[in-house]
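Here's the structure, in C-alpha cells; my notes come after.
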Amino acid sequence: MTLAGKRKSKKSSPPVSGRENKTLPQAGDLLAWYDRHRRALPWRAAPGQRSDPYRVWLSEIMLQQTTVKAVAPYYARFLSRWPDVRALAAAPLAEVLKTWAGLGYYARARNLHACARAVVEHHGGEFPRNEDALRGLPGIGAYTAAAVAAIAFDIRATPVDGNVERVIARLYAVETPPPAAKPEIYRLARALTPSRRAGDFAQALMDLGATLCTPKRPACALCPWRDRCAAYRRGDAETFPRRPPKREGVLRRGAAFVARRSDGSVLVRTRPAKGLLGGMTEVPTTEWAAEFDEANALVHAPRFSPPLPGGERSTSRDTIAGSRVRGKRRQNSGLPVPPHPDPLPNGERETCWRRIPGIVRHVFTHFPLELKVYAADLPLRTRAPTGMRWVASADIAHEALPSLMRKVLAHAQTSDRIDKA
DNA sequence: CAAGCGTGGGT
DNA sequence: TACCCAAGCTT
C-alpha cells in the first residue's frame with residue numbers, strides 16, 4: 001500500500017545489502033504493518049501526537065488482565081472525572097473504588113490511587129521518565145513500567161505481556177514453556193526493539209498478538225513476519241507458546257452425601273470463605289484425600305436428630321449432638337483421616353444411606369477428584385445439623401453451586417430416575 | 001515462586 | 001456447557 005513505505009524508507013534496515021536478512025524478523029516490517037493497521041483506541045494518541053503519560057498509565061493499569069472492551073467505558077469515566085494525576089490524587093479513595101466497581105481486581109484501584117498520590121507527593125506531579133523509578137510505584141510491575149516508558153516517553157523499553165510472549169514464542173519457536181521462558185522471551189523481544197519508535201513497536205507487537213497472532217487459529221497469511229516466523233515455517237504456529245506440563249496432582253477420593261427431605265429440599269452447607277471453592281455451596285462430603293477408606297465413609301455422613309413430634313424447636317441435646325459430629329470435619333486438604341466419632345448418643349437417628357452406582361469425576365487445577373455419592377431420604381421435619389441448611393429444590397439453581405456439586409446432584413438425580421424406571 | 005485476585009467474552 | 005483466557009501485580 002501507499003502509506004506503508006512512509007516511515008519505513010527513512011531508516012529501514014541499515015547497510016545490509018538488501019536481501020541477506022530475509023529470514024530474520026525486523027522491527028521495520030512490523031512498524032510498517034502497524035502504520036497500516038493501527039487501531040484507534042481511546043487512550044492511544046493520534047499518529048505523531050505526543051501521549052499523555054497519565055492516560056497511558058491509567059489505561060495500562062486498567063488493561064491488566066482485562067479486555068479492551070471492558071476497559072473502554074471505565075477509562076472514559078475516569079478520564080472525565082479525573083482528567084489528570086493531581087485530580088485523581090485529590091479524590092477520596094472511596095470514590096475511586098466506587099468508580100472502579102465492576103472492573104475487577106480491586107487491588108488495582110487501591111494501587112492506582114496510591115500511585116497517583118505518590119506521583120504528586122514524591123515526583124512533583126510528573127510520572128518519572130525511566131523504567132526503574134516507574135517500577136517502584138504502587139501497582140506498576142515490569143510490564144507496566146516498560147509500557148509507560150515506551151509509549152509515553154518513547155524510551156527504548158520492551159513491555160512483555162501475554163500477546164508479546166505468544167508472538168515471540170512463535171517467531172523463534174521457543175520450546176521452553178512459560179513462565180520459565182520469560183527471561184528468554186524478554187531477551188529476544190528486547191533485541192528486536194528499535195531505538196526509535198519503541199512505543200509504536202510495543203503497541204504493534206501487542207496489536208499483532210491481539211488481532212493476527214491469536215492463541216487459536218492465528219491468521220498467519222496476513223502476518224508481516226510470516227516468512228520470518230520459525231513456528232510458521234514448522235507448520236505448527238498454534239502450538240506455541242508451549243503449555244507448561246499440567247501438574248495434575250495426585251488423585252484424591254472421597255464421598256458426597258445427598259440428603260433429600262420428603263419436600264424435595266436438599267441438605268447443603270457453605271464452604272469456608274477462603275481456599276478451594278471458597279464461600280461456595282456444597283453438599284456434605286468426607287475429606288478429599290489420596291487415601292480414602294470407603295468402608296468408613298458413612299462415619300463422616302451427616303447425622304440427624306429425630307424430628308420433634310411437636311414442631312421445629314430444638315433441644316440442647318440436639319445442638320450438642322449436631323455440633324459434635326460437625327466438629328469432626330476438617331478442611332478438604334488431604335490431611336490424614338480424622339478419628340472416628342464417638343458412638344451415637346441417645347436420640348440420634350440411624351440414617352439409611354444408599355450408594356448411588358457410578359463415580360463423579362472432576363478435575364481441579366491442582367488435582368483430579370473422584371467422589372462416590374450416597375443418597376438418603378429423610379422425613380419432612382428433619383432438622384439440618386449444625387452448620388448445614390435445607391435448600392428447597394426450586395432454590396438450588398440460585399445457590400452458588402460449583403460445577404463439581406452440580407455434577408454430584410445431577411448424578412444422584414439421574415440415578416433416581418433410573419431407579420424409578 | 002506458586003497462589004490469590006474479578007469479570008466478561010470467546011469457543 | 002465448561003473451560004480458556006485477557007495490555008499483571010503482589011505476597
Criterion first (over 27 Å from A:PHE201 (Cα atoms), more than 16 Å from DNA strand B (Cβ to nearest atom), open to solvent by 50 Å² or more (accessible area, probe 1.4 Å) and among the hydrophobic types (A, V, I, L, M, F, W, C)) does A:ALA90 satisfy it? yes
Answer from A:LEU41, A:LEU24, A:LEU30 - the residue that is in the same structural domain as A:PRO138 (by TED's automatic domain parsing) and open to solvent by less than 20 Å² (accessible area, probe 1.4 Å): A:LEU30
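State all residues of region A:69-111 that are over 14 Å from A:TRP43 (Cα atoms), small (Gly, Ala, Ser) and part of a helix (DSSP H, G or I); if no residue qualifies, say none. Walk me through it before giving the result.
Let us first name the residues in region A:69-111 that are over 14 Å from A:TRP43 (Cα atoms), namely A:81-82, A:85-111.
Within this subset, residues satisfying the condition of being small (Gly, Ala, Ser) are A:87, A:89-91, A:94, A:101-102, A:104, A:107, A:109.
A:ALA87, A:ALA89, A:ALA90, A:ALA94, A:ALA107, A:ALA109 - these are the residues of region A:69-111 that are over 14 Å from A:TRP43 (Cα atoms), small (Gly, Ala, Ser) and part of a helix (DSSP H, G or I).
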Can A:LEU79 be described as of a type in the set (A, V, I, L, M), within 11 Å of DNA strand C (Cβ to nearest atom), more than 20 Å from the chain's Cα centre (by Cα) and closer than 18 Å to A:GLY139 by Cβ? no
Looking only at region A:129-146, filter to residues that are touching a His at 6+ places or on another chain (Cβ under 9 Å) and free of Cβ contacts under 8 Å to residues at least 24 places away in the same chain; which one of those is surrounded by the fewest Cβ atoms within 10 Å (Cβ to Cβ)? A:ALA133
When the residues of region A:53-68 are narrowed to those that are in a loop (DSSP other than H, G, I, E, B) and open to solvent by 60 Å² or more (accessible area, probe 1.4 Å), which ends up nearest to DNA strand B (Cβ to nearest atom)? A:GLN65
For region A:212-237, enumerate the residues that are exposed (fewer than 15 other Cβ atoms within 10 Å of the Cβ), assigned to a helix (DSSP H, G or I) and within 16 Å of DNA strand B (Cβ to nearest atom). A:LEU222
Do any residues in region A:46-74 that are within 21 Å of A:THR211 (Cβ to Cβ) have Cβ atoms under 8 Å from those of residues that are open to solvent by 60 Å² or more (accessible area, probe 1.4 Å), where the two are at least six apart or on different chains, and which pairs are they? A:PRO47/A:ARG38; A:SER59/A:PRO42; A:GLN64/A:TYR105; A:GLN65/A:TYR105; A:THR66/A:TYR105; A:ALA72/A:PRO42
In region A:360-374, which residue that is in a strand (DSSP E or B) and touching a Lys or Arg at 6+ places or on another chain (Cβ under 6 Å) is modelled with the highest pLDDT? A:TYR374
Tell me which residues, restricted to region A:158-185, are outside any helix (DSSP H, G or I), small (Gly, Ala, Ser) and open to solvent by less than 40 Å² (accessible area, probe 1.4 Å). A:ALA173, A:ALA181
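The values are calculated or read from the model by the stated rules, or taken from the named source; none is laboratory data. Everything quoted here is computed from the prediction, not taken from an experiment. Please note: Cβ atoms are built from the backbone with ideal geometry, for glycine as well, and neighbour counts cover all protein chains shown. Heavy atoms of the whole protein, side chains included, go into the accessibility calculation; ligands, DNA and RNA do not. Shrake-Rupley method; radii C 1.70, N 1.55, O 1.52, S 1.80 Å.
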